[in-house]
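Following: one structure in structure tokens, then a few remarks.
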Amino acid sequence: MPGREETCEKCGSDLKVCLNCVSYDRTVAYECRDRRAEEIAQKDRSNFCEYFDMARRSFVPVRDKNAREDKARDQLKKLFGD
């Protein structure tokens, strides 16, 4: 991340937020795996955490929000013969 921009150049959203960090984990205390970091209350807002490291994830667009539900309903229909 050359220069590590603070905001997205397309939409203007904050980039240096806990939700984009490799240490972010909803299942641990303070939702952060890095024990040295201070607690951040607003995980979706820009902050000054010195241990921030951008997570490298690929974007996968959601094709159909109800696809999982529809698949489950179809399986139930097949199971019960409807």
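The values are calculated or read from the model by the stated rules, or taken from the named source; none is laboratory data. Here the structure is a predicted model, which means the values were calculated and not measured. Counting neighbours? That spans all protein chains shown, and the Cβs are built from the backbone with ideal geometry, glycine included. Areas reflect the complete protein model, heavy atoms only, side chains present, ligands, DNA and RNA absent. Shrake-Rupley method; radii C 1.70, N 1.55, O 1.52, S 1.80 Å.
Does at least one position in segment 6-21 carry a residue that is open to solvent by less than 50 Å² (accessible area, probe 1.4 Å), at pLDDT below 90 and among the small types (G, A, S)?
yes
Please determine, by comparing only the residues of segment 27-53 that are in a helix (DSSP H, G or I) and open to solvent by less than 100 Å² (accessible area, probe 1.4 Å), which one is farthest from E6 (Cα to Cα).
A29
Return yes or no: is Y24 surrounded by 14 or more Cβ atoms within 10 Å (Cβ to Cβ) and under 20 Å from T7 (Cβ atoms)?
On the way: surrounded by 14 or more Cβ atoms within 10 Å (Cβ to Cβ): yes; under 20 Å from T7 (Cβ atoms): yes.
Yes, satisfied.
Given A67, A37, A29, which one is at pLDDT 90 or above and small (G, A, S)?
Values: A67 fails: at pLDDT 90 or above; A29 fails: at pLDDT 90 or above.
From the options A67, A37, A29, the qualifying one is A37.
Is one or more of the residues making up segment 54-67 over 18 Å from D14 (Cα atoms), surrounded by 10 or more Cβ atoms within 10 Å (Cβ to Cβ) and free of Cβ contacts under 8 Å to residues at least 60 places away in the same chain?
So far as segment 54-67 goes, yes, one or more of its residues are over 18 Å from D14 (Cα atoms), surrounded by 10 or more Cβ atoms within 10 Å (Cβ to Cβ) and free of Cβ contacts under 8 Å to residues at least 60 places away in the same chain.
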